[in-house]
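Everything below concerns the one structure shown next.
The values are calculated or read from the model by the stated rules, or taken from the named source; none is laboratory data. Treat the numbers as computed from the prediction; the structure is a model and nothing was measured. Here the Cβ positions follow ideal geometry from the backbone for every residue, glycine too, while neighbour counts run over all protein chains shown. For the accessible areas, the whole protein counts, side chains as well, though only heavy atoms, and no ligand, DNA or RNA atoms are used. Shrake-Rupley method; radii C 1.70, N 1.55, O 1.52, S 1.80 Å.
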Amino acid sequence: MGGVYTSPNTQKTLNLGVSMPLLDWGRNSNNISLATSNLKTLAFSVQQEQANLVQEITILVENIKLIANTIEMSKKADQIAQERYQLSNELYRFGKISVTDLNISLEEKDNAKRAFVGMLRNFWIAFYQLKMATASD
């Protein structure tokens, strides 16, 4: 064994080491705290998105109910305006009303029809908005 230490520079050497931190100065616990905080934030965001979706769907359903009620009233107003125009037309033929009164009843009939068609359009827009929000067929 004496010859091993006589010329150590000519010998082949192998160094083997293990590096292990004895103290991480709290980095690991900070990483765990950060991950826990991120998880809580994500869970809160998911809950908030779910609440927003439920609220949006509720508003859309209530809007559809309101529009459906308005459609019924618009339909009745349209029918009344149709009947009034027919009556005004008959009265005009007999000379009981002027052409101005006939034109007024015609305009009211047209306005009632436009309002009814507009409410039908609003209903279908609201229906498809609800369909898109719920992602259902």
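Residue-wise test of (1) modelled with pLDDT of 95 or more; (2) charged (D, E, K, R).
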residue: LYS65; (1), (2): yes, yes
residue: ASP78; (1), (2): yes, yes
residue: ALA81; (1), (2): yes, no
residue: LEU87; (1), (2): yes, no
residue: LYS96; (1), (2): no, yes
residue: LYS113; (1), (2): yes, yes
residue: LYS131; (1), (2): no, yes
residue: ALA135; (1), (2): no, no
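I'd like the full set of residues that are open to solvent by less than 80 Å² (accessible area, probe 1.4 Å), part of a loop (DSSP other than H, G, I, E, B) and closer than 23 Å to VAL61 by Cβ, limited to region 83-137. Answer for region 83-137, where residues must be open to solvent by less than 80 Å² (accessible area, probe 1.4 Å), part of a loop (DSSP other than H, G, I, E, B) and closer than 23 Å to VAL61 by Cβ: just SER136.
Taking the conditions exactly as written (without any contact (Cβ under 8 Å) to a residue 40 or more places away in the chain and within 24 Å of the chain's Cα centre (by Cα)), does ALA43 satisfy them or not? In short, yes.
Could you please tell me which pairs satisfy a Cβ distance under 7 Å, a separation of 6+ or placement on different chains, a first residue in region 51-71 that is more than 12 Å from ALA126 (Cα to Cα) and part of a helix (DSSP H, G or I), and a second residue that is modelled with pLDDT of 95 or more and open to solvent by 80 Å² or more (accessible area, probe 1.4 Å)? Cβ pairs passing all conditions: none.
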